[in-house]
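**Q** Below you will find the structure I want to go over with you.
No value in this document is a laboratory result; all are computed from the given coordinates. A quick note: this is a predicted structure, and the numbers were derived from the prediction, not measured. So basically every Cβ, Gly included, is an ideal-geometry build from the backbone, and we count neighbours across all protein chains shown.
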Amino acid sequence: AERYVVEVLFPESGAVAITNTIQAIDHFRGEFYTHVDTLALAMVGETPASPDYSSSFSELKTNPAVSADLASFRDHFDRPPDKFLTLSLRVRNLPIPIMLSMEIDTLYVPPIEWNDAMPMMNWLSTGAQVEWVLREPDTGLENMDIHWDFQVGDVVKVRIFNDPRTFHPMQHPIHFHGQRFLVLETDGLRNQHLVWKDTATIPVGSTVDFLVDMSNPGDWMAHCHIAEHLSSGMMLGFSVKPPPIYR
């Protein structure tokens, strides 16, 4: 649910596997194991590239335009949050075997669960039984009962807490439609590598501060980018109004 642009140096010809390598967890056995999926193969030809950028590959690069853009937002970094959200879960009428399995499953909760360690439980439950929740603690409103209104040009600081006391806590990649944001802090630690994003993952138990640039007018959603979480309700609405037109 997050996208990155990377530079890759291919020093040799041949087939190069692009893999997703994770530290997976088996909750019931209490074991970690390495899991690798091959996503694609890059075929590197024998003819050297022209021009050849290998000599500059190890140089740390900067982007003055991006740095200047970020500088205009720094006055907002240390001000209090404008909005608060808590990420949670509500379950009802789950079969007893699934409830017991989930209780065992949550004896240890990794901040980020890179693999789906409970596919059978996912298959045996529905959105009517498992509701993932975005809650606004100031109002008590949840999911699509939340609606925020902004103006184009507003810079909004949103603090999101992923409650570890939830019955089955999980990480949540939170996505804002139509806007860009900076991840300012995680658990009070300032992010020293700022980049514009539209999605960022909130680990279990963490508090993350977003600084959202409300620059794109329209009616939008913010939601978890895990499909079953979104489909079971984990979304809210917000509007960004265009500037008034004076005649």
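**Q** Name the most mobile residue of Val204, Val156, Val44, meaning the one with the largest mean-square fluctuation, in a Gaussian network model of the chain with Cα contacts below 10 Å.
**A** Val44
**Q** Still on this structure, please answer the following. For a footprinting-style exposure proxy, rank Val5, Val36 by other Cβ within 10 Å, fewest first. Spell out each step's value before the answer.
**A** Numbers: Val5 5, Val36 10.
The most exposed by this proxy come first: Val5, Val36.
**Q** Taking +1 at the Cβ of each Lys and Arg and -1 at the Cβ of each Asp and Glu, which of Thr166, Val36, Ser54 sits farthest along the dipole of the chain towards its positive end, judged by Cα position relative to the Cα centre?
**A** Of the candidates, Thr166 comes out farthest on the positive side.
**Q** Taking the stretch 148-247, which chymotrypsin sites (Phe, Trp or Tyr not before Pro) meet the DSSP loop condition and have no more than 15 other C-beta atoms within 10 Å? Don't skip to the answer; put the middle values down first.
**A** Values: sites: Trp148, Phe150, Phe161, Phe167, Phe176, Phe181, Trp196, Phe210, Trp220, Phe238, Tyr246; in loops: Phe167, Trp196, Tyr246.
Filter output for the stretch 148-247: Phe167, Trp196, Tyr246.
**Q** Please give the contour-minus-distance gain from Arg190 to Asp82: 0.36 nm per residue of separation, less the Cα-Cα distance, rounded to one decimal in nm. Spell out each step's value before the answer.
**A** Working: separation 108, 0.36 × 108 = 38.88 nm, distance 1.79 nm.
Roughly 37.1 nm would be gained on extension.
**Q** With just the Cα atoms defining each centre, how far is the stretch 173-194 from the stretch 1-61? Give it in Å.
**A** If we compute the Cα centre of each part, the gap is 25 Å.
**Q** Which FRET efficiency value, to the nearest 0.05, is calculated for Ile96 and Ile22 with the Förster distance at 41 angstrom and r the Cβ-Cβ distance?
**A** 0.85
**Q** Also: Suppose every Lys and Arg Cβ carries +1 and every Asp and Glu Cβ carries -1, with no other charges. What dipole size does the chain come out with about its Cα centre, to the nearest 20 debye? Let's see the in-between values first.
**A** Values: 17 positive and 32 negative charges, 117 e Å.
Dipole size: approximately 560 debye.
**Q** So if the hydrodynamic radius of the chain is defined as the Kirkwood radius over C-alpha pairs, what does Stokes-Einstein give as its diffusion coefficient at 10 °C and 1.306 mPa s, in µm² per second? Let's see the in-between values first.
**A** On the way: Rh = 20.9 Å.
Taking Rh from Cα pairs, D becomes 76 µm²/s.
**Q** Right, here's the next one. First select every other residue whose beta carbon is under 12 angstrom from the beta carbon of Val133; then total the charges, Lys and Arg +1, Asp and Glu -1.
**A** Local net charge: -3.
**Q** Between Pro137, Pro48, Pro95, find the one with the highest GNM mean-square fluctuation for the chain; connect C-alpha pairs within less than 10 Å.
**A** Pro48
**Q** Right, another one. Find out how many positive minus negative residues lie around Lys241, taking Lys and Arg as positive, Asp and Glu as negative, among other residues whose Cβ is under 11 Å from that of Lys241.
**A** Values: positive: none; negative: Asp149, Asp154, Asp219.
My count for the surroundings of Lys241 gives -3.
**Q** Looking at the chain, which longest stretch skips every one of the GluC sites (Glu not before Pro) that is in a DSSP loop with at most 15 other Cβ atoms within 10 Å, leaving the sites themselves out?
**A** Working: sites that count: Glu2, Glu7, Glu12, Glu46, Glu59.
Between the exposed loop sites, the longest stretch runs 60-247.
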